[in-house]
Amino acid sequence: MYETILCEVSEGVAVVTLNRPDKFNAFTERMNKEITDALKQAQKDESVRCILLTGAGRAFNAGQDLGDVAGGGEVDFGGFLRDRYNPMILQFQKTEKPIVAAVNGVAAGAGMSVALACDIRLASEKASFVNAFVNIGLVPDSGGCYFLPRIVGLGKALELAMTGEKVSAAEALRIGMVNQVYPADTFQEEALAYARKLATLPTRAIGLIKRTMNKGLDMSLEETLNYEAYAQGIAGSTEDHKEGVTAFMEKRAPRFTGR
Ligand code: T3D
């Protein structure tokens, strides 16, 4: 059903692969919409407890397909973003399951923003990040101005956005932009194992952690404390909470089901 992405669910993980390798998986309108749809389906599908986003071939994603906007005509950039990119980025946060970016190669422009919109970033040692917008006279979009300063701090974010310089996987790890770096030859297996492990954890609590922490970034301490109390009310009534406590008392490993 999808043309620009692949989507496969197994062992609790939906692996979404950006699949235009000859164009470094650059975004087209269709790809924006297919990613948005795949995330919505993953949210609805109870068997999915983690989403792993990666790229086919050498790149993760090179941002907007510049071939689509290089025709010389006027491009309505604002409309372009509002119609295609913004709903896609919002869907990353609306999806209350962990989303892991497996950054296999270069992530540039909106491709970097999408990696930043994921909850966890794993990088191959061959991965790199380019805040490429400035290189073509544009401003970081697709949440780049929101996520980048929150993840690496304002000073580093401004430097990366203003210079458009390439950041290696090792440097990305050093500045906290990625969570782990793995050797290129075992990267896909390592990333899948990481996602599968996440898929065995209490999925509803994880969704609530994601929602509460993201909300907390834009709320006062008092508002956050109130939201934590609300979220805990939900988490505390899940089967996984009961199982966690029972397993602890019985001195055995918990068997979480995501309910
Ligand atoms: O309308 C709007 O634009 C608003 C929305 C904006 C969102 C954005 O994402 S703006 C930013 C768009 N992206 C870029 O500006 C990045 C452009 N690409 C690059 O800077 C470099 O290609 C990379 C840093 C990503 C990788 O460099 P390198 O040296 O490893 O590879 P390369 O040789 O430059 O590219 C490899 C191939 O991918 C090449 O094709 P070819 O010559 O082998 O047939 C290249 O043309 C293609 N490619 C790379 N990026 C794009 C692309 N094709 C179309 N669109 C791309 N963005």
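Observations
- Mean separation of Cα contacts under 8 Å (6+ apart) over length of the chain, as relative contact order %: 17 percent
- Look at the dipole of the chain built from charges on Cβ: of Ala110, Cys145, Ala170, the Cα furthest out on the positive end belongs to Ala170.
- In this structure the stretch 203-249 gives 65 Å² per residue of accessible area when probed at 1.4 Å with all protein chains present.
- Candidate lysines - alpha carbon under 18 Å from Lys242, same-chain residues fewer than 8 apart omitted: Lys251
- Cross-link pairs beyond the 20 Å C-alpha cut-off, checked among Lys33/Lys156; Lys97/Lys197; Lys23/Lys94: Lys33/Lys156; Lys23/Lys94
- Here the stretch 203-249 yields Rg over Rh of 1.07, to two decimals, using C-alpha coordinates and the Kirkwood radius.
- Gyration tensor (alpha-carbon) shape descriptor, the stretch 5-199, a/c threshold 1.5: oblate
- Compared with the dominant Cα axis of the chain, that is its longest principal axis, helix 239-249 is turned about 60°.
- Size of electric dipole in the chain: Cβ of Lys, Arg +1 and of Asp, Glu -1, about Cα centre, debye, nearest 20: 580 debye
- Carbon + sulfur, % of accessible area of the chain - ligands and nucleic acids excluded, 1.4 Å: 56 percent
- Viscosity 0.890 mPa s, 25 °C: Kirkwood-radius Stokes-Einstein D of the stretch 75-149 over Cα pairs, µm²/s: 190 µm²/s
- Total formal charge among the other residues, if their Cβ is under 15 angstrom from that of Gly164, Lys/Arg +1 and Asp/Glu -1: -2
- For the stretch 217-230, backbone phi angles converted through the Karplus equation (6.51, -1.76, 1.60; θ = phi - 60°) give residue-by-residue couplings of 4, 10, 10, 6, 4, 4, 5, 5, 4, 5, 5, 4, 5, 5 Hz, Gly and Pro being listed as x.
- Annotation: aspartates and glutamates with alpha-carbon distance below 15 angstrom to Lys166 (same-chain offsets under eight excluded): Glu125.
- What the stretch 5-199 shows is 44 Å² of accessible area per residue, with the surface traced by a 1.4 Å probe over protein heavy atoms.
- Tensor-based shape of the stretch 51-109 (alpha-carbon gyration tensor, a/c under 1.5 rounded, otherwise prolate or oblate): oblate
- The residue list Thr17, Gln41, Gly73 was ranked by how far each Cα lies along the charge dipole of the stretch 6-80 toward its positive end, using unit charges on Cβ atoms, and Thr17 comes out on top.
- Between amide H atoms placed 1.01 Å from N, distances below 5 Å from Gln64 occur with Phe27, Ala110, Gly111, all of them 5 or more places distant or on a separate chain.
The values are calculated or read from the model by the stated rules, or taken from the named source; none is laboratory data. This structure is a prediction, so every number in the text was calculated from the model and none was measured. Neighbour counts are summed over all protein chains in view; Cβ atoms, including those assigned to glycine, are modelled from backbone coordinates with ideal geometry. Ligands, DNA and RNA are stripped out before the accessible areas are found, and what is left, the full protein with its side chains, is counted by its heavy atoms. Shrake-Rupley method; radii C 1.70, N 1.55, O 1.52, S 1.80 Å.
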